[in-house]
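*Asks:* Here it is, the structure in full.
The values are calculated or read from the model by the stated rules, or taken from the named source; none is laboratory data. Worth saying up front: this structure is predicted, and the values here are computed from it rather than measured. Using ideal geometry, Cβ is built from the backbone for each residue, glycine included, and neighbour counts are taken over all protein chains shown. Ligands, DNA and RNA are stripped out before the accessible areas are found, and what is left, the full protein with its side chains, is counted by its heavy atoms. Shrake-Rupley method; radii C 1.70, N 1.55, O 1.52, S 1.80 Å.
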Amino acid sequence: MIIVGVLLAILAAALGTTSKQLIAASEHLKKPWLFHLGAGMNIAVGPIVDASAYAFAPQVIVAPFACLDVIFNALTAPYTLRWQNERLTRSHITGTALVALGAVFTSIFADVDNKVYSVRELEDQLFFRPTSLVYLLIELSAIGTVNVLLRKRLLSPAVRGISLGVIAGVLMGNVFFLKGLIGIIQTTASTGEFDAWLRPTPYILAAAAAGGAVCGHLFMRKGLGEYKGVFMVTIFEGAHIAAACLSGCVVMEEMAGAPWWRYLLYWCGVGLILLGLVSINTAAADAQLSSDDSSGEEGGSAPVTPSRRGGKPLSALRRRANTVKRLNSGISGVVMGSIAGMNLRRSYTTSVAGLAPALPPSSPLGGG
């Protein structure tokens, strides 16, 4: 049944790419129905398919396929979103090949049984096992420290962008909460017993999965207001995959008992995936949003002056920024409302990348 989980993960990535591009097309073509179709796929269909993959395959196998959303978008956007002037470059092709090879490696060398835990086994594994507690403590301490540095603006622009993407990826990469919840649902469906739902564990898992998704979304949205989508989504996916694979090995012990060479080759596969994402990211010339992006979008060549940026008055830019901000807020409300039943993980963040306006960091959407 592991192959079913892999196919579902690939389908979820394809749905995520399609929904993202539908949302981007709706902005360009001024067709609201495309936005509603893309948002519906993003909020309802994609997350269900994505979560279902964890019911059939271990976390260490499914998690690396999170990168396919970026790959599918990099390969198809130059043809489906031509007005964005995307080009299929050698970096895209190299990155795709590395990711494909890495995904094959992780699938082969992480070929383990998909163990379904009972509620008491989950409690022992997550809440009473010293290794799991130390992992969670280190992760929360690191996130808290970096968050303080971000708030006090003690990081350089490059490190700040990486930090925002990494925090979002790590928060959404704790898929063992979702994996455990799905295991309880599977056990209930197969046995017909509802004793597990009389304990607090299922609700703690659901709250942790939803909380990680919501907090990760907030960090990602902040990053997308300051940095280009390709840069942010690549950092996010890399951190998400690394955190999901590491937690699968450390917290869920899905590769316990495997020989050392399987561990080594598995992490070589993960490394190839991350290297492929970095290769794709090199196609973006600059990471931080600037006024040049606005001029390129408008097609103007007017110099940047105190009253004009990219050939467009600052007042017009502010009005546009406020409109996009309200649009993003509306989308966020819908996503957060639906997230209680499902961990959206990456699907919404990548779609926002397609909508992120080309605005300078000093704009209302930038970091301030």
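*Asks:* Calculate, for the range 1-146, the solvent-accessible area per residue in square angstrom, rolling a 1.4 angstrom probe over the heavy atoms of the protein chains.
*Replies:* Here the residues of the range 1-146 average 48 Å² of exposed surface.
*Asks:* Mind listing the long-range amide H neighbours of TYR227? Cut-off is under 5 Å, sequence gap 5 or more, other chains count too, H placed in the peptide plane at 1.01 Å from N.
*Replies:* LEU289
*Asks:* Same structure again: Share of the range 61-155's accessible area from carbon and sulfur, percent, 1.4 Å?
*Replies:* C and S fraction of accessible area: 62 percent.
*Asks:* Let me ask another. Can you tell me the Rg and Dmax of the range 22-151, counting just the alpha carbons, in angstroms?
*Replies:* Calculated on Cα positions, Rg and Dmax stand at 20.0, 54 Å.
*Asks:* On to the next question. Counting residues in the range 152-204 as N, plug N into 2.2 N^0.38 Å and put the Cα Rg over that result.
*Replies:* After normalising by residue count via 2.2 N^0.38 Å, the value is 1.85.
*Asks:* Evaluate the range 127-173: find the radius of gyration of its Cα atoms, find its Kirkwood radius, and give the ratio Rg to Rh. Each step should come with its number before you reach the end.
*Replies:* Values: Rg = 12.5 Å, Rh = 11.6 Å.
For the range 127-173, the value is 1.08.
*Asks:* Suppose every Lys and Arg Cβ carries +1 and every Asp and Glu Cβ carries -1, with no other charges. What dipole size does the range 76-198 come out with about its Cα centre, to the nearest 20 debye?
*Replies:* 960 debye
*Asks:* Which one, PHE72, LEU34, GLY95, is farthest towards the positive end of the dipole of the range 16-122 when Lys and Arg carry +1 and Asp and Glu -1 on their Cβ?
*Replies:* Of the options given, the answer is LEU34.
*Asks:* Could you give the size of the charge dipole of the range 40-129 about its Cα centre, using +1 on the Cβ of each K and R and -1 on the Cβ of each D and E, expressed in debye and rounded to the nearest 20? Provide the component values of the computation, followed by the final result.
*Replies:* Values: 6 positive and 8 negative charges, 82 e Å.
Rounded to the nearest 20 debye, it is 400 debye.
*Asks:* Give me the one-decimal nm value for the distance between modelled label points at GLU27 and LEU88, 7 Å along each residue's Cα-to-Cβ direction.
*Replies:* Computed distance between label sites GLU27 and LEU88 equals 2.4 nm.
*Asks:* Further, regarding this structure: Give the average over all directions of the projected area of the C-alpha convex hull of the range 121-260, one decimal, in nm².
*Replies:* In nm², the orientation-averaged hull projection of the range 121-260 is 10.2.
*Asks:* To continue, here is another question. Among the trypsin sites (Lys or Arg not before Pro) within the range 133-174, which fall in a DSSP loop and have no more than 11 other Cβ atoms within 10 Å of their own Cβ? Could you put the intermediate results ahead of the total?
*Replies:* Numbers: sites: ARG151, LYS152, ARG153, ARG160; in loops: LYS152, ARG153.
For trypsin sites (Lys or Arg not before Pro) across the range 133-174 that sit outside H, G, I, E and B with at most 11 neighbouring Cβ atoms in 10 Å, the list reads LYS152, ARG153.
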